[in-house]
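Written out below as structure tokens is the structure these notes cover.
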Amino acid sequence: YAQNTATLTVSNNSKDTISRNIYGQFAEHLGRGIYGGFWVDKTLPVAKQDRIRLDVVNALKKIKIPNLRWPGGCFADEYHWRDGIGPRPQRPKMINTNWGGVVEDNSFGTHEFLELCQLLGCEPYISANVGSGTVQEMSNWVEYLNFDGESPLTNLRTQNGHPKPFNVHFWGVGNESWGCGGNMTPEHYSDEYRRYASFAKNYNNAKLKKIACGPNASDYNWTETCMKNIGPGRMWGLSLHYYTLPTGNWSDKGSSTNFGEAAYFNTMKNCLQMEELVTKHSAIMDKYDPQKKVALVVDEWGVWTNVMPGTNPGFLFQQNSLRDALVAATTLNIFNNHCDRVKMAALAQCINVLQALIITDKEKMLLTPTYYVFDMYKVHQDARYLPVKLNAPEYEYEGKKILAVNVTASQDAAGKVHLTLANLDAHNTIAVSTEFKDIAWQAVTGRVLTSAKVDDINTFEKPYTLIPKTFTGARKEGDKLVINMPAKAVVELELN
Ligand code: AHR
């Protein structure tokens with residue numbers, strides 16, 4: 001195979017910040033995401049606070065997850081928050097109709113979620129029920145969480161052990177209201193949003209950042225209608241959901257393990273669709289909000305494959321390979337490069353569900369290749385965005401082509417410049433000759449994540465197949481930086 005070349009120019013002429021909230025996570029009452037993921041049985045022999053698993057918390061703290069979205073997903077629109085407060089044995093049970101029809105015992109509710117966020121040091125992002133809830137129910141939840149005075153609801157909060165307000169800011173008004181959240185038209189949803197949002201009040205120290213339910217993938221009419229009918233002044237953000245399906249076909253999405261190059265190539269091609277989606281939805285938002293005050297919040301993204309054989313189809317459990325790492329790296333590069341509009345995102349989902357950061361099996365815990373990408377990319381959180389110009393070769397497979405390389409550059413508060421690059425080409429190495437405009441640097445260090453095969457995975461038996469290693473393929477040549485990108489690899493560089 002050949003060594004191809006690319007050229008990259010990094011400039012210093014942007015004031016935009018890459019919001020740390022782009023690195024957000026999602027934890028739904030789905031499969032083993034909450035129960036058996038974050039929230040475990042009292043008898044499980046792992047360190048816990050209450051029933052929250054601390055090895056998981058510590059792993060997530062290391063990669064600085066900035067926010068956690070909860071309780072769904074589709075589950076959010078059948079969740080009634082009052083069932084999840086008060087003494088646990090007295091909490092009513094319900095059926096999780098979306099995810100396997102299992103019994104939900106409501107032992108993990110509002111207080112438990114906010115305790116988890118506190119342990120993680122991250123901001124809560126609550127997705128509230130519009131589909132089967134009421135305006136009053138949502139309004140009461142906000143008061144229960146955020147009111148700092150005395151009221152029957154805050155007395156109840158005190159009785160449940162939390163006299164102080166929780167001060168939750170990120171507030172989702174419905175989830176996928178075009179689908180599992182109520183099958184609404186964008187016109188109807190816009191009216192519902194206005195009504196629900198009117199009664200979700202701002203209390204002292206807790207101004208809500210309300211996030212309207214946005215489009216499914218390329219439903220540009222949804223974006224247009226919501227921007228027009230809700231209006232930019234009434235929302236902090238508009239969500240977007242897009243999943244990368246290896247086959248592009250919901251009835252047979254493809255396997256998460258033992259796939260060949262064809263499935264890999266298609267997955268990367270489908271992943272790169274995110275660039276077009278973000279660009280086109282942003283252009284519509286620009287018409288109504290030219291100052292870019294409304295955030296595009298991509299609060300569900302990631303690879304969605306068939307479930308692992310023998311597991312409950314409603315639990316959405318899949319493995320995580322080098323391919324997932326390349327999808328994560330590429331998607332995060334896309335978001336970073338659109339940080340003027342994309343100010344928040346959430347990978348679906350954090351533990352044991354879809355493209356997870358962490359997989360657990362009873363007391364065992366495994367960090368996935370995707371986890372390591374978030375570890376490598378954490379350097380961009382709240383850093384100043386540095387615009388890039390890239391001329392890269394294409395990766396060709398059976399006559400179809402995609403751009404082989406993608407990249408982000410940023411400068412942190414200490415002045416350090418970081419680059420993250422992905423080479424999607426399964427075979428060819430690529431020498432990226434990089435020029436910096438008005439950026440001085442002397443030395444480069446880095447890490448690389450790669451493996452022999454695109455479908456290599458970490459397992460409980462071999463947990464370190466995919467783990468970042470020291471990268472020695474970057475060198476200074478005059479004023480230029482030459483980066484020898486290995487095939488199918490993610491690289492993170494720090495310039496001092
Ligand atoms: O993440 C799994 C599901 O995907 C979510 O519950 C829903 O919002 C989306 O369709």
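Bear in mind these aren't lab numbers, they're just calculated from the coordinates by the rules spelled out. Nothing here was measured: the structure is a model prediction, and the numbers come from that model. Please note: Cβ atoms are built from the backbone with ideal geometry, for glycine as well, and neighbour counts cover all protein chains shown.
Per residue and in cubic angstrom, what volume does the convex hull of the Cα atoms of segment 342-408 have?
In segment 342-408, the Cα hull volume divided by residue count equals 149 Å³.
Could you line up M365, M184, M376 from fewest to most neighbouring Cβ atoms inside 10 Å?
M365, M184, M376
Could you give log10 I(q)/I(0) at q = 0.18 Å⁻¹ for segment 344-496, computed by the Debye formula over C-alpha point scatterers of equal weight, without solvent?
Listed by q, the Debye log ratios stand at -1.17.
When the C-alpha atoms of segment 164-245 are aligned to their principal axes, what extent does each axis show, in angstrom, from largest down?
Result, largest extent first: 42, 29, 20 Å.
Give me the distance between the Cα centres of segment 434-473 and segment 120-150, rounded to whole Å.
41 Å
Taking 41 Å as R0, compute the FRET efficiency from the Cβ-Cβ separation of Y288 and K401 and round it to 0.05.
FRET efficiency, Y288 to K401: 0.70.
Rg to Rh ratio, segment 133-275, alpha-carbon atoms and Kirkwood radius? Intermediate values should be presented prior to the final figure.
Numbers: Rg = 19.7 Å, Rh = 17.6 Å.
Across segment 133-275, the Cα-based Rg/Rh ratio is 1.12.
Tell me the label-point distance for the pair N258, N496, using the 7 Å Cα-to-Cβ offset, in nm and rounded to one decimal.
Going from the N258 label point to the N496 one covers 4.7 nm.
How far is helix 135-146 tilted, in degrees, relative to the longest principal axis of the Cα atoms in the chain, given as a value from 0 to 90 rounded to the nearest 10?
With both axes taken from Cα atoms, the answer is about 70 degrees.
Defining a contact as two alpha carbons under 8 Å apart and six or more residues distant in sequence, what relative contact order in percent does the chain show?
Over the chain, the number comes to 20 percent.
Can you tell me the dipole magnitude for segment 255-308 around its Cα centre, using point charges on the Cβ only (Lys, Arg +1; Asp, Glu -1), in Debye to the nearest 20?
Details: 5 positive and 7 negative charges, 32 e Å.
Dipole of segment 255-308, to the nearest 20 debye: 160 debye.
Angle between the Cα long axis of helix 322-337 and the longest principal axis of the chain, 0 to 90 degrees, nearest 10?
80 degrees
Roughly speaking, what is the centre-to-centre gap between segment 3-35 and segment 250-290 when only Cα atoms are used, to the nearest Å?
Centre-to-centre distance over Cα atoms comes out at 15 Å.
Calculate, for L44 and S251, the FRET efficiency according to 1/(1 + (r/R0)^6) with r their C-beta to C-beta distance and R0 60 Å; round to the nearest 0.05. Could the numbers behind the result be given before it?
Numbers: r = 36 Å, r/R0 = 0.60.
Taking R0 as 60 Å, the efficiency between L44 and S251 is 0.95.
Fully extended, how many nm does the chain gain between R475 and D55 (0.36 nm per residue separation, minus their Cα-Cα distance)?
Full-extension gain reported as 147.5 nm.
Output the 0 to 90 degree angle, nearest 10, between the alpha-carbon long axis of helix 261-288 and the longest principal axis computed from the alpha carbons of the chain.
Value to nearest ten degrees: 60.
Hey, got the dipole for the chain? About the Cα centre, +1 on K and R Cβ, -1 on D and E Cβ, debye to the nearest 20? Mind showing how you got there, number by number?
Details: 51 positive and 51 negative charges, 188 e Å.
Computed charge dipole of the chain: roughly 900 debye.
Once the Cα atoms of the chain are picked out, what are the Rg and Dmax in Å?
Computed over the Cα atoms of the chain, radius of gyration and Dmax are 22.3, 71 Å.
Using the beta-carbon distance between D191 and E150 and R0 = 25 Å, what value does 1/(1 + (r/R0)^6) give for FRET efficiency, to the nearest 0.05?
0.15
Taking Cβ-Cβ under 4.7 Å as the only way to count a partner, pick out the unpartnered cysteines of the chain.
C117, C122, C213, C226, C271, C339, C350
For a quick check: sort L296, L481 by the number of other beta carbons within 10 angstrom, fewest at the front.
Values: L296 26, L481 22.
So the residues, fewest neighbours to most, are L481, L296.
Amide H of F170 versus every other amide H placed in the peptide plane: which residues, excluding those fewer than 5 positions away on the same chain, fall under 5 Å?
Answer set, sorted by chain and number: I126, K209.
Once the other residues with Cβ under 13 Å from the Cβ of A356 are scored (Lys, Arg +1; Asp, Glu -1), what is the net sum?
Computed value for this residue: -2.
Which whole-number value in Å³ per residue fits the convex hull of the alpha carbons of segment 75-144?
So the per-residue Cα hull volume is 100 Å³.
Can I get the semi-axes of segment 29-138's equivalent ellipsoid? Compute them from the C-alpha gyration tensor as square roots of 5 times the eigenvalues, in angstrom, largest first.
Working: eigenvalues 105, 56, 33 Å².
Values for segment 29-138, descending: 23, 17, 13 Å.
Using 0.36 nm times the number of residues separating D438 and I95, minus their current alpha carbon distance, what extension gain do you get?
This chain segment gains 117.6 nm when fully extended.
Per the helix-only calculation at 222 nm, which mean residue ellipticity applies to the chain, given -39500 (n - 2.57) for every DSSP H run of n ≥ 4 and division by its residues, nearest 500 deg cm²/dmol?
Here the helix-only value at 222 nm equals -7500 deg cm²/dmol.
Evaluate the relative contact order of segment 1-119 (contact order divided by residue number), counting alpha-carbon pairs under 8 angstrom at least 6 apart; express in whole percent.
23 percent
With a 10 Å Cβ neighbour count serving as the proxy for reagent exposure, in which order, fewest first, do F315, F38 appear?
So the ranking, lowest neighbour count to highest, is F315, F38.
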